[in-house]
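Chemist: The structure is given below, and queries will be raised subsequently.
The values are calculated or read from the model by the stated rules, or taken from the named source; none is laboratory data. It should be emphasised that the depicted structure is a prediction, and the values quoted were computed from it without experimental measurement. Cβ sites come from the backbone with ideal geometry, for glycine too, and all protein chains shown count toward neighbours.
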Amino acid sequence: MDEDGGRPVIGVHGGAEHLVLYPTWTGLLAAGLVPPGLLLLGWLALEAVGVGVVTTVLLVGGTVTGVLTGRDFPRHVVFGPQGIERRCLLRCHRLPYREVAAIRRAPAPRLAAVRAAHSSDPTERARIRSGLVAAGPGRRRWMLTDQPESREEYDRLAALLVAYGATALEAGRPPAGTPPTSLYRRHAPRLVD
């Protein structure tokens with residue numbers, strides 16, 4: 001619970017000058033378990049059949065996915081006066097607002113988009129299913145979240161971007177009832193500027 005103009009805002013982490021958004025637990029678990037799982041399978045294949053194509057693919061694949069997810073899948077993202085800070089397992093990636101052209105919605109998962117297109121329920125078609133990405137120059141994109149934020153988090157983000165004269169928020173506002181990204185987080189991370 002943070003203070004916003006004297007009233008508590010439930011589910012919004014970060015205080016008056018910051019906003020913290022989180023990925024899904026599913027995304028974090030996948031990022032943390034898939035690379036070691038591939039390495040374990042590679043090691044078992046190495047023990048069972050020795051060096052071969054499958055063994056090499058599993059070991060190299062586990063190593064590469066481990067490095068990529070450790071460097072690029074954020075544990076949480078902090079929006080603050082200096083810019084966007086993506087705190088990943090292996091690094092803290094800072095994006096000054098001048099490097100970010102816009103904050104947009106990530107493309108919806110294909111299966112969800114197909115289901116929504118064929119649904120007769122208009123609320124199902126309008127539902128936002130994807131998180132946010134920071135769009136940089138050219139085709140540069142950085143994942144911020146893999147889930148939609150709550151309306152309260154969206155409103156805080158919009159206010160912060162206006163207050164800091166930062167980048168444009170081109171993502172659509174999530175529907176009412178969207179849970180906050182901090183739903184299962186007890187404590188906000190320590191913020192340092």
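Chemist: Select from segment 76-107 the residues that are closer than 23 Å to residue 183 by Cβ and surrounded by fewer than 16 Cβ atoms within 10 Å (Cβ to Cβ) and write down the one among them that is nearest to the chain's Cα centre (by Cα).
Modeler: 87
Chemist: Quickly run through segment 37-92 and pick out the residues that are free of Cβ contacts under 8 Å to residues at least 12 places away in the same chain and among the acidic types (Asp, Glu).
Modeler: 47, 85 - these are the residues of segment 37-92 that are free of Cβ contacts under 8 Å to residues at least 12 places away in the same chain and among the acidic types (Asp, Glu).
Chemist: Given the structure, is residue 121 buried (at least 20 other Cβ atoms within 10 Å of the Cβ) and at pLDDT below 90?
Modeler: Values: buried (at least 20 other Cβ atoms within 10 Å of the Cβ): no; at pLDDT below 90: yes.
Judged against the criteria, residue 121 is not a match.
Chemist: Any idea which residue in segment 168-192 is nearest to the chain's Cα centre (by Cα), counting only those that are aliphatic (A, V, I, L, M) and at pLDDT 85 or above?
Modeler: Initial filter on segment 168-192 (aliphatic (A, V, I, L, M)): 168-169, 171, 176, 183, 188, 191-192.
From the residues that got through so far, the ones that are at pLDDT 85 or above too are 168-169, 171.
Numbers: 168: 18, 169: 16, 171: 14 Å.
Only one residue tops the list, namely 171.
Chemist: Across segment 8-49, what is the total count of residues that are more than 27 Å from residue 71 (Cα to Cα), out of contact with any helix residue (DSSP H, G or I) (no Cβ under 8 Å at 6 or more places or on another chain) and modelled with pLDDT under 85?
Modeler: 2
Chemist: Considering only residues that are not aliphatic (A, V, I, L, M) and not in a strand (DSSP E or B), which ones fall in segment 69-106? First the steps, then the outcome.
Modeler: First pass over segment 69-106, keeping only residues not aliphatic (A, V, I, L, M): 69-76, 79-83, 85-88, 91-94, 96-99, 104-105.
69, 70, 71, 72, 73, 81, 82, 91, 96, 97, 98, 99 - these are the residues of segment 69-106 that are not aliphatic (A, V, I, L, M) and not in a strand (DSSP E or B).
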